[in-house]
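Okay, so here's the structure we're looking at.
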Amino acid sequence: MRRDVTTSFARTLVDEWVRNGVAHAVVAPGSRSTPLALALSADARVRVHVLVDERSAGGFAVGIGRATGRPAVLLCTSGTAAALLHAAVLEAHHGRVPLIVCTADRPPELRGVGAGQTVDQSHLYGDAVRWRHDPGPPDDRPGVGDGWRHLAARAVAHAAGPPAGPVHLNLPFREPLVPTGAPLVDAPGRPDGARFVTTLAAGRPADEGTVAALAAVVRAHPRGVLIAGWGAEVAPDVADRFAAVAGWPILADPLSGLRTGPHAISTYDAVVRDTAVASRLAPEAVLQVGAPPTSKALGGWLARGIPTWLVDPVDAWLDPHRSATTRVVCDAEPLLRAVTSALGGDGSPDAVWPDAWRAVEAVARRAIDDALDGDPEPFEGRVARDLVGTLPDDSTLVVASSMPVRDVESFAAPRADLRVVANRGVNGIDGFVGTTLGIAATTGHAPVVALVGDLCFLHDQNALIGCVERGDDAVFVVLDNDGGGIFSFLPQADDEHVSADGFRTLFATPHGIDLGRIAATHGLPCTEIEKANALVPALEAAIRDGGVHVLLVRTDRADNATRHAEVWAAVAGAVASV
């Protein structure tokens, strides 16, 4: 008797994924993906999110993986649909986000013969995946169920890492694509809902020699700094204890999770822009955990040739300035614990160095706040500061690339009760609205707020399609300077070879679109923020009302660049005599 092997295969994959902790699936509708789409929808243990644009769907799935640490299944049909997921795959790869990408495909007999929506998909994403597999169309043979479950379990294991990242399953399906009603293939799992294969990922501790070597560097260089970026994976108390014993301040960006505490310095981006202060506070040694912070000023400040240790558990070269003198492939947290212990009685460092940093931090923070509060007109730096300072405890702030992530780093005061996330794997704007909504889909009732520029918002506006019907809940604070504001800070803005019209056309790229109408198209309330002090009450009201809201802050690109420079000048003047 012929059995329904396609439906059996799809349902077995879904069951094994659930056993391995998968709870979300993101589906971009299509025909060839029907068997797996129906299997996902039929399993009540999986929450299925449907987005019509594959780019937005990819961002949504990245948001789920980034927020939960578990992969979402991302499903699309064949052809160009699969190509549109490439940006999400790249972000997951470089950003270490777990993701299971399932591209439906034509069976072998329909490839290379002009069948519609057929391209070579098996190696579509190149080396940007942790694992790829094309099992061929499912067939019916003895013991085939074990192979299906092994495939599903292996996909989750590779996506989880370390390092976490995307997995690509290219799944060819023959017609009929819907259940036939024929008997299913028996593909039982392990008893009691257990995983077919359990993968245990052990950490990578540093050896005794490495610990001793780093401890010696710390002893020999009391004027050192701990630099922390995204991917640091160090608990705040561990970093604080190391900083206390070493006498080293912590220069941590908002994505690191180490920006709070008595040893953390949050104003470094403004402080090191002043040549005299930067020279006075130049370190003798550097320990970097995670990626380098976003600040270009900080990267340019760190001297070459001093002992600079880079720690990363997956052997990545997170060193764009080529300043590292020593690379350590291990987990950063146990290394810091071990070095702190090794320093032992040496944990009474000269207080002059950390005290100097703390004094500069206090003066710079006051200077930033005074400069921001001195003008009632909206300013992007103040929006970032006020947003971070206003959000309720346990909120998640999703920050877009380009200027928003830089403004949070430059102007926002630290908070220990706020999670800040961003797509900084490849620093793109692709799929940002979807990422925000994907994160919101996993956080329960905790507020999710996004800080985003106008071009980034427009680029992924299709993620808003259906957001009311899906019951999405997020607030988008959109900085509308009618174009790419970050280019006003780059050499192109003042280069003699770039005319004003050329700069406007090639870089500033004004769009002239009323973003309030975009919100209205999707049935979303939109509030325009006309004065700086109007942001906080509008944000509080939007969070209280629930659903998706847009808060629109209109600014001027040229004025924004000028006001950034004025704040940096104010900080330089304030800290000059500290």
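Quick rundown of the values:
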{"item": "Criterion (crowded, with 23+ Cβ neighbours inside 10 Å and out of contact with any Pro (no Cβ under 6 Å at 6 or more places or on another chain)) met by exactly one of Leu336, Leu318", "result": "Leu336"}
{"item": "Residue selected from the range 231-252 under the condition out of contact with any Ser or Thr (no Cβ under 6 Å at 6 or more places or on another chain) and either of a type in the set (D, E, K, R) or in a strand (DSSP E or B) (or both), by the criterion surrounded by the fewest Cβ atoms within 10 Å (Cβ to Cβ)", "result": "Asp237"}
{"item": "Matching option when the condition is within 22 Å of Arg195 (Cα to Cα), within 28 Å of the chain's Cα centre (by Cα), small (Gly, Ala, Ser) and surrounded by fewer than 16 Cβ atoms within 10 Å (Cβ to Cβ), among Gly69, Gly65", "result": "Gly69"}
{"item": "Test: Ala87 is of a type in the set (A, V, I, L, M, F, W, C), under 18 Å from Leu169 (Cβ atoms) and either free of Cβ contacts under 8 Å to residues at least 60 places away in the same chain or outside the structural domain of His459 (by TED's automatic domain parsing) (or both)", "result": "no"}
{"item": "Unmet criterion (only one of (1) surrounded by fewer than 23 Cβ atoms within 10 Å (Cβ to Cβ); (2) touching a residue at least 24 places away in the same chain (Cβ under 8 Å); (3) touching a helix residue (DSSP H, G or I) at 6+ places or on another chain (Cβ under 7 Å); (4) not charged (D, E, K, R)) for Tyr268", "result": "(1)"}
{"item": "Which listed residue is over 22 Å from the mean Cα position of the chain (by Cα) and surrounded by 17 or more Cβ atoms within 10 Å (Cβ to Cβ), from Ala291, Ala324, Ala282", "result": "Ala324"}
{"item": "Verdict on Asp140 being among the acidic types (Asp, Glu), under 30 Å from Arg2 (Cβ atoms) and outside any helix (DSSP H, G or I)", "result": "yes"}
{"item": "Candidates Leu451, Leu437, Leu455, Leu479 - the one that is out of contact with any helix residue (DSSP H, G or I) (no Cβ under 8 Å at 6 or more places or on another chain) and either outside any helix (DSSP H, G or I) or in contact (Cβ under 8 Å) with a residue 24 or more places away in the chain (or both)", "result": "Leu455"}
{"item": "Residue ID - modelled with the highest pLDDT, chosen from residues in the range 339-355 that are exposed (fewer than 14 other Cβ atoms within 10 Å of the Cβ) and part of a loop (DSSP other than H, G, I, E, B)", "result": "Ala351"}
{"item": "Test set (1) without any contact (Cβ under 8 Å) to a residue 40 or more places away in the chain; (2) under 19 Å from Tyr125 (Cα atoms) - Asp53 fails condition number", "result": "(1)"}
{"item": "Test result for Val50, within 30 Å of Arg190 (Cβ to Cβ), at pLDDT 95 or above, among the hydrophobic types (A, V, I, L, M, F, W, C) and more than 17 Å from the chain's Cα centre (by Cα)", "result": "no"}
{"item": "Residue count for the range 542-558, restricted to those that are surrounded by 15 or more Cβ atoms within 10 Å (Cβ to Cβ) and assigned to a helix (DSSP H, G or I)", "result": "3"}
{"item": "Condition met for Leu335 (on the phi < 0 side of the Ramachandran plot, aliphatic (A, V, I, L, M), assigned to a helix (DSSP H, G or I) and touching a strand residue (DSSP E or B) at 6+ places or on another chain (Cβ under 7 Å))", "result": "yes"}
{"item": "Qualifying residue in the range 7-16 (condition: outside any helix (DSSP H, G or I) and either in contact with a Lys or Arg (Cβ under 7 Å, 6 or more places away or on another chain) or crowded, with 17+ Cβ neighbours inside 10 Å (or both))", "result": "no"}
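Matching residues to (1) within 28 Å of Leu343 (Cα to Cα); (2) in the same structural domain as Asp319 (by TED's automatic domain parsing); (3) part of a loop (DSSP other than H, G, I, E, B):
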| residue | (1), (2), (3) |
| --- | --- |
| Val197 | no, no, yes |
| Ala213 | yes, yes, no |
| Val218 | yes, yes, no |
| Thr260 | yes, yes, yes |
| Ala276 | no, yes, no |
| Pro292 | yes, yes, yes |
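The values are calculated or read from the model by the stated rules, or taken from the named source; none is laboratory data. Predicted model, so just to flag it, every value in this text is computed and none were measured. Neighbour counts run over all protein chains shown; Cβ positions are idealised from the backbone, glycine included.
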